[in-house]
Each structure stands twice: as structure tokens, then as C-alpha cells.
Number of protein chains: 2
Amino acid sequence: MEGEGAKEQSKSALKKAEKQAKMAADKAAKAAKQASLPVVGGKKTDDIIGITVKKTENFPQWYQEVVLKAEMVEYYQEISGFFVLRPLSMYIWSTIRKWFTERIEDIGVDETSFPIFLSSKSLEKEKDHVEGFAPELAWVTKAGDKDLEVPVAIRPTSEAVMYPYYAKWIRSHRDLPLRLNQWNSVVRWEAKQTTPFLRTREFLWQEGHTAHLTEELAGEEVLQILELYARIYEELLAVPVVRGTKTENEKFAGGYYTTTVEGYIPSNGRGIQGATSHCLGQNFSKMFDITVEDPANKGSHLHVWQNSWGLSTRVIGVMVMVHGDDKGLALPPRVAKLQTIIIPVGINKNTSAEDKQKHEDTVDEIRVTLKKAGVRVDTDTREGYTPPWKFNDWELKGVPLRIEFGPKDAANKVISYARRDTGDKGQIPIADIGTKVPELLETIQKDMYNKAERSFTEHRIQITKWDEVLPALDSKNVVLIPFCLNGKCEDRIKDLTTRAEDTSDVPENQKLPAMGMKSLCIPFDQPEGIKAGETECLNPECSSKAQKWVMFGRSY
Amino acid sequence: MEGEGAKEQSKSALKKAEKQAKMAADKAAKAAKQASLPVVGGKKTDDIIGITVKKTENFPQWYQEVVLKAEMVEYYQEISGFFVLRPLSMYIWSTIRKWFTERIEDIGVDETSFPIFLSSKSLEKEKDHVEGFAPELAWVTKAGDKDLEVPVAIRPTSEAVMYPYYAKWIRSHRDLPLRLNQWNSVVRWEAKQTTPFLRTREFLWQEGHTAHLTEELAGEEVLQILELYARIYEELLAVPVVRGTKTENEKFAGGYYTTTVEGYIPSNGRGIQGATSHCLGQNFSKMFDITVEDPANKGSHLHVWQNSWGLSTRVIGVMVMVHGDDKGLALPPRVAKLQTIIIPVGINKNTSAEDKQKHEDTVDEIRVTLKKAGVRVDTDTREGYTPPWKFNDWELKGVPLRIEFGPKDAANKVISYARRDTGDKGQIPIADIGTKVPELLETIQKDMYNKAERSFTEHRIQITKWDEVLPALDSKNVVLIPFCLNGKCEDRIKDLTTRAEDTSDVPENQKLPAMGMKSLCIPFDQPEGIKAGETECLNPECSSKAQKWVMFGRSY
């Protein structure tokens, strides 16, 4: 594919100036050879264009190269664990923000903005919850050159910042439901190794915090929000997820129950938590004294039922891991800042000024037609770069659809295209591009989802024999097993699936992962097969009966 | 006005159940008396509804009460100088964000998100610029219970965070212009007294940072952005501003020149900086080594020309100060979360269930019609509150248009309305509300602007005699004076206009302000009258010639 435009370039040269044919062909061949290198002088070219490792061979390095070279992030040199989100990433995040905001506005959620700091006083109020965050809190102890009397922590999440005000604002059951959401960044000073999007010391997210009169009303909202999270993955990012509940071990510290959408990374077979919607029950309303008079029982007060729910820029990392390939990033059209790139081909120094102008005019008409049709489109008019170099560059950056347009296309009144997801090529009559290109983009979106969905389905294996678990994990599956739901049993399952043997002699690329499996979720969608009081928990050491099919896996 | 609904309520009662007329009238009178108090039992009512001071009598307290009681902000009790922005405020900010984002996208500005922290290393790079911020920096020195090896500061603005990456990303003149913008919060630990929106230790803003090949291209953008800022004030917030350049004394530290939009607060006659668009020149590109090869002179390199520009939540405070009145907040319709509130009146316990249902149905039809016409509308169906209490409540919260709808209105097929800005009342046939209400809202928007514009024009006084300056300031004016543009002269003018006399014996409400005046801007729109080399600088001690008409005033 890399030589395509170059070939056409030389063909066009042959036709237009036969005498210079050989020279042009030589130039084209040279351009094809240099396809993975910038060809312009005067530009600093000290980095290698293109991904240098295969996704299957070294997944972590592949990921790091993709997010950097596709210009999604930049490592923040000054402080480790922090990243710059560049326009390509922010476009995805803004698209999600718009989509989600519209939908939560519809159910009555208002936007708010609470301060970035927590006082140590309010932290003391809810020790259980805070315990988990304490090692990661960033403490401001000085302002200017003065020590603060009382240090303040940057929010790792805002329960303790917000709920004192819920106690103040909620004065009657008529003030319920109170539903507030904020988009901000939080800081969690992780000790573990950081990874762009997936684990960073600062990340962007939205956090919704709501209060309701009854458990039932709170529970309805928990699921409404979870469904929106699932749709963000499925409809915007083309990433399939499994909806379910977290086990007691894995639920939000201090909450009542946690629902989750869980994703799957085919390259290493790991599960990844996508986003969580928590019912906090009355735990926080008791700590923060958030009560109303019971409308059904005048004179007596009840503690409100609360939810919190959050979705972070992690979603972008999951999307990259699922869709990217050895050429780089592959973006689903709905979240791509640029959906279609037009690359003029077949124009060279032998083309007459008049022909060149005419070609440029047609290219521009194509661009304008597509723009009017709602396509986010641009033309790559950079001089000094060969078409093959441009093809690689836009493939690296994940643009879903490439349009090549040369004199032959112009003569045939068509555009030639190449899909980023499959590499498939085809032609569309220029007269039809206003409808056919948007349709093609939607097809790409759906095909990307379907491909990922097939992969997740094939690698979500229902298992009823313990001995099959570890081989299944090693074959990059997550597993659905009958499980007793006991927390200690869950811990034991993790131990039993952790490889303890010394592998220091085994070459890195032949090592099997040591990581044990943990529970990902109890899927809402339960297969048949568990008989109450009969089916055993799969853990061979466990004597309890299974309660549910639970999805386990190695995980992020 | 407060008794209006109550009167109608009693009239309707007379008609519907003559026997109970007296009782109903008594009840209505009582309701009217209680209009400024909640009438419901079971609700905590420990705060006083309504503003307790007049805007003309105690402006600072008036402002504080308005922003609190209209539920725009909440003081953050835990840490002084921080505030919670509630949905009413966030709606305004989101509206501005959408409006501005659309327009900067059009000129090619992309969204980005840089880390919240600055390392001490990058701070050292640009000492001049940082000097001004140093006393206000919040320092993180601990993570969890471990001291950081190198403390990090929370950004007060992001020049030092971003520009090292501009140096990395800008490798050729083809990478220019680079235009990035981010929406975030910054922390400036002010020692001065804080005021909601106007001066807070954390605030929301957008910060744009761009790089250009030439001074001319940078300068064009500076003005493009400034014009967008002016339009946010004028078209969204209905607040007039004067566009101009800052003097050397008042420009951005480390920049080349600063343009600004300046507002005016009639209640105290003070000027207030609205938003600034800076040309940084090549000062930062020299510090951060941001260069490209000069396309006009191969082999030689030039430093790029940079701009930065920011608009913060301060705009909301200016809007409150300009439009609010003794009843509370008054919102321009374009930024009002709720533009129209429908309050059903004339329905009481004597109304038959059937009539009540019919009335409610009509009210809902009105609401739906308005909603379809694009009006942000709601109905106040709260039980246990009298119409007058509701009128006060929505006036306090600044809703631009109130619709009252009683049985008499229903019979006449009209709605009755009251404008928040003027108090004017009128009626509109129900058949016309889909067009007439949106028109009325636009009229309110324009009238609010025109009123504020008249006030600013009347209080922007051109002065050519020094003796008239102080009396003009004391009459709540800002002044336009011929000025030499010298920084020391400007300092001296501030001293000369500062009241030094001991006023400790003067009662607080008879005191004239001590505050001296400073320059607000050099307006782009210069009156005639300054003759080069002839007109004197107005400062009686200054022997230089005037260069420009400069707007001076007491200021925030």
C-alpha cells in the first residue's frame, strides 16, 4: 500500500511528460523506500516516525509509542506520573463530555464546581472511606513562603468536600433528589508505575454525587448512569463492555454496592474496569448527617440515600489498546477529531500549472462537499512530503478514512479511499460522496465495534473445572466461574492463580504471566447452570455453594 | 406587586365560593404579609429570605447576600477564600464556555490539558514573570506521609508549564501558528480579602497560549480574542466594556503589551478589569528557546511571537454587580438557566378538583409550548407556599420573566407577565406565546444592556482640569484624561488622588473613599483634543506632553 500514491505519481508523470518518465519513476521508487522517514530538510528529524514494535510482541512499549507518536499525550518531564493531553485526546474527551452532559441534564443533573482542596478536618469525618486514599494524598503545606496553619490536601475524589454542603442544602424531602455533577481533575499520588490514561497521578473525570429519598430511587439512578457509561464505550468508543456488580472485595470503600462496566484488552487478555456507578447507601449521610423529615412519618427523620459515579480519561486508553494496530492508532469515527483526510496524489513538478490548479480546485470542492455533509475533513497539502509518507503519518494518527485523489480519479469522476480499520480500498463517485462517505464512516464505526465485540465474546469463557482456569488465563481469556461470593475465598483464588515458581532463567518473551486473577464483576447477564444449594464454588478449597457466575481475570 | 397573586387568589375564591370570600380574603392578606417568609412547617427556616440591605446603602454586603441567597455560591467553610459554584453560576460559565469554544475552534484553536503542577525548576527559567506570582503559590511538599524530594507548585497560570513543550513541538514554521487553549482552575493564594467571583484563591478560567511567525500575525489574534471577550460581556452578560491597551505599569508581567476590556460598577463608580489578551512578544520564546528557521532567510532562526489570553469566572461577579437590585439577582436571559418561571395563581382549597385539574393542564400546555419555542421554562408547583412568596423567591434568584396564570387569565386566553429587570407587567394572548415570549426575552436582554451602557457612558467623563478629577471620582465616575504614559507619573497620580487625611472621626456612611485612581486602559476609541507636542499631561506636577487619552479610575 505504501507505494500506491508514488506509483500513481509516476504514472501521471509518464502520461504528462513521457520524456521525463524514467526520472519520475526513479523518484517515486525512492519516495516509497523513504516512506517511513521524513524527506524534508530544515525540519528536525531526530525521532523515528512510525511504531517500532509489533502490538503482539511488546504490548506495553507498543502502547507507549502509539500514544506518544500519534500525538495523544506528552510525558511531563518535570514531574513523573503526569501527562499532557494533546488536542487529539481532548477532542475525544470533549465529545464524551458533551454527549454525557446532554443526557444527565435530561434526568435533572446540574453542574457544580467545588473547591480543589480538602481540609484535614473533613477528612477525619469519614475515615473508612479516606483510608484507601490517604497514601496518595498530595498535601499543600505552604503558600508563598509561609507555612499554612493547617495543611490542605488536593481532592482525590470529592465526597468529603461536597457532603457537608449536602447536609446544609437538603432541608426537606422536597429538596430531593439533589443531583450534582462536576468535571474536574483529581490528584492521586500513585506509588505504582504510571501509564498514560490508565494510571496517572492527575486525571480528568466527571464525578456525580446525588441524594435520594429511598433506596429504590437511588438504585434506579445507579443503573441509568451505568447504562450511559456502557453506551459511551459502545456507541462512541466502539468498545464492548460487560455490565455488572462488583464483589464486596472490589466495591467502593465506604459504599453500599458498586456497579461497573468492564472492558477487555485482547492483546494481553486482561480485564479493565471501565467506569463505576456506586450506591453509597446511607453510609455517608450518617457520617455527614444528611437527613430529611420522613414524608410518610411526620416528626421522624431519615438519612438520605446517596450515589456517586465517575468516568475518567482512562476510557481513552482502553480505546487505544482495543483498536490500535502495528501502524499506530485507529480511531472510531465518532470520536475522531479528523474523520477523513484527503491526500492529493499524482501531481508533481511535471504537471502544468494549469492542471495543478484545476486539480487543487477539485480537491477543494470535495473537501467542501464533505464538510457540508458534516464530515470532519481536511486536506494534506504539505509540500515536500511524498504521498506514502503522508499515508503512514495519518495512519499512525488513526484517521478513520483516507481519500486519495489523483488525475486518474478526476478523469473517472471518483475518489479512491482506504479504510484505517481494515485497510480495505474502494472508490466512490464524486457525485455521491455527500451521502456515501458519512455512511462509510458509520460502517467503520460499527465494524470496529463488532470486531472488538467478537473478540471479547470469544475470550469470555465459561468454566466449570478448576484445572481449566490457569490455561484459560494463559490463552488470554477472562473466565466466568461459579463463585460463592465470599471475600476470603476470592483472596484465595487470587493466590491459587498466581504463579509462584522462579522464572528468572526463562527468557522474557517466553515467560507466562505470574499475575493472579481477581473478580472483575458479577455480570447482570447471568448464564444458566447454577442450581441453588447444589452447584459448588469453583475454588477447589472452598466448601461453599456457588451463588453466581462471576467474571474473573487478570486485570489492570 | 407582592400582593398581586394573593389578590387574584382571593378574587378567584370570591367568584368560585362566595360564602367563603371573607375567609379567603383574610388568608390572602395574611399571605401577603408573610410574603417574605416561608410559610411551610417542617422546613428549617433559620435564615432570612430576601436581601436585607439596599444596594445603594451597603454595596459590599448587598453583593455578598445576593450571591449567597440567589444560590450562586456557597462559602467553603473549611478553607477561607474558596467558594462552591452552584448550578446557577455554572450554567452561566458553561454558556460562556460553549460560545467561546465554538468561536475559537473556528479560528483554529485546539483544546489541551496540561498538568496542574509546576516544578521549581521550570519556575526558575522565567523569573521576571514568576516574581509576581511567587507570594501566591501553593506548594505541595508531601504525598501521603512522605516528603517530596522536590516540592511542586500548583499552577497560578500555565506559561511555565506549557512553553517547554512549545519548544519541543514547534520545529518548523510549518508548525505555526500553534494555538492551544485549556479550561481549568488555577490557585493563587491571595493575602488580600477575597470576594466571591472577583477575588478568590481558586478560580475557573480558560487560558489560551499561541505562537506565531510574526508580530503582525500575533497582533491580529490578540485583537480577535479581545473582541470575543468584549462580546461575551456585551452579548451574553449584557455588560458594556471599554476596549483598550494597558499602560506599561498595568501590563502583564513579562509580556510585550496587554489589551483589555474594562467594565464599570455604577454602585461605587469603580472600574474593573474584565479580561485580558496579551501579546507576549518574543520574551518567553527567548526564555524557553522556541525558535524556527526563518522561511525568508534560510539558515537563520527566529524566535516565535507568542500570545496568551484568559477570561475567568470573575465575569459572573461583574454581571451580578451591574444588574442586581434590592430584590436580588437579575439575570440576562441569554445566560439564565431558567428564563421564565410560571406561577399558577388563584387556585386554593375552594377550587373544585375538576377546575384545579383543568387549570394545571392549561399551565402545562403553556410550559410545553414555551419549551418547544426554545424557552428555558419551569412551573413552580411547590405546595404550601403562597404566590407572593414564590414571586419574591424567583425575583431573588434573578429569573428574567415571571408568568402568572390564574383562572381569569385562563378565561381571557392570556398569560400575565412581570419583567424582572423593570418590573413592567403585561399580558400576552396564549396563542402568541411561542413567538412573543422569546421576543420579550430578547427585549429584556437588550434593555438590560442599554441601561448599563447608558450608565457607563454617563459616568465616563472626559476631564481637562486637574481640580475636577477628585470630585468626579467622588461622584462615582471614571475619568478620561490626557496623559503622558510615563509609569512614574502614573504612580504619582495615584498618590495625588489618595485621601490622606485622618477620617477616623467621620461616620462610616459619610466617609469619602480614600482609594487613589489608577489607569484602567488606553481606550482604542480615542476622543479628539490631544495635539501632539502641545497638550499637557494632566498631572499638575508633570512637565511632559500628553500622548493619549487614558481612562483612570478607582478600581477593583
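Every number in this text was worked out from the coordinates using simple rules, so none of it is lab data. Since this is a predicted model, take the numbers as computed values, not measurements. Counting neighbours? That spans all protein chains shown, and the Cβs are built from the backbone with ideal geometry, glycine included.
What the table shows:
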| item | result |
| --- | --- |
| Estimated 222 nm signal from helices in the protein assembly as shown, with DSSP H stretches of n ≥ 4 weighted -39500 (n - 2.57), rounded to 500 | -10500 deg cm²/dmol |
| The range B:182-211: trypsin sites (Lys or Arg not before Pro) in DSSP coil with no more than 10 other Cβ atoms inside 10 Å | B:Lys192 |
| DSSP beta bridges in the range B:321-409 [antiparallel fraction, %, rounded to 5] | 10 percent |
| Gap separating the Cα centres of the range A:354-387 and the range B:364-404, nearest whole Å | 52 Å |
| Candidate aspartates and glutamates for bridging to B:Lys494, where Cα separation is under 19 Å - those fewer than 8 sequence places away on the same chain excluded | B:Glu248, B:Glu250, B:Glu262, B:Asp467, B:Glu468, B:Asp474, B:Asp502, B:Glu536, B:Glu541 |
| Point-charge dipole on Cβ atoms (K/R +1, D/E -1) for chain A, about Cα centre, debye to 20 | 1700 debye |
| Lys pairs, the range A:369-480 - Cα-Cα below 17 angstrom, 8 or more residues apart or on other chains | 9 |
| The range B:156-196 residues near the modelled B:Glu105 label - backbone nitrogen below 17 Å, point 7 Å along Cα→Cβ | B:179-183 |
| P(r) tail fraction, the range B:399-450 - alpha-carbon pairs more than 15 Å apart, % | 44 percent |
| FRET efficiency for B:Thr381 and A:His301, using Cβ-Cβ distance with R0 set to 22 Å, rounded to 0.05 | 0.35 |
| Where GluC sites (Glu not before Pro) fall in DSSP loop in the range A:46-134, at most 12 other Cβ within 10 Å | A:Glu57 |
| Inter-label distance, nm, simple model (7 Å from Cα along the C-beta direction), A:Asp326/B:Ser172 | 2.8 nm |
| Inter-label distance for B:Glu149 and B:Glu534, nm, one decimal - labels placed 7 Å from Cα along Cα-to-Cβ | 7.0 nm |
| Residues of type aspartates and glutamates that A:Lys125 reaches as a straight line, Cα spacing below 14 Å, ignoring anything fewer than 8 places off in the same chain | A:Glu159, A:Asp289, B:Glu78 |
| By average C-beta atoms within 10 angstrom, highest first, the peptides A:492-501, A:205-214 | A:205-214, A:492-501 |
| Equivalent-ellipsoid semi-axes of chain A, from the Cα gyration tensor, Å, largest first | 50, 29, 24 |
| Dipole magnitude (debye, nearest 20) for the protein assembly as shown, charges at Cβ of Lys, Arg, Asp, Glu | 1440 debye |
| Separation of alpha-carbon centers, the range A:435-461 and the range A:414-431, rounded to whole Å | 18 Å |
| Packing-based ranking, highest mean first, of A:266-278, B:420-432, A:467-479 given that Cβ atoms within 10 Å are counted | A:266-278, A:467-479, B:420-432 |
| Using a Förster distance of 22 Å, the FRET efficiency for A:Thr56-A:Glu190 (Cβ separation, nearest 0.05) | 0.20 |
| Extension reserve of the B:Lys413-B:Gln526 stretch, reckoned as 0.36 nm per residue once the Cα distance is removed | 35.3 nm |
| Sites A:Lys125 and B:Tyr75 - FRET efficiency at Förster radius 22 Å, r taken between beta-carbons, to 0.05 | 0.75 |
| Full-stretch length increase - A:Thr214, A:Thr141 - with 0.36 nm per residue and alpha-carbon distance subtracted | 22.2 nm |
| Shielding by partners - mean other protein chain Cβ count within 10 Å, residues of A:116-124 | 4 |
| Dipole of the range A:158-241 [Lys/Arg +1, Asp/Glu -1 at C-beta], most positive-end residue of A:Leu237, A:Trp169, A:Leu213 | A:Trp169 |
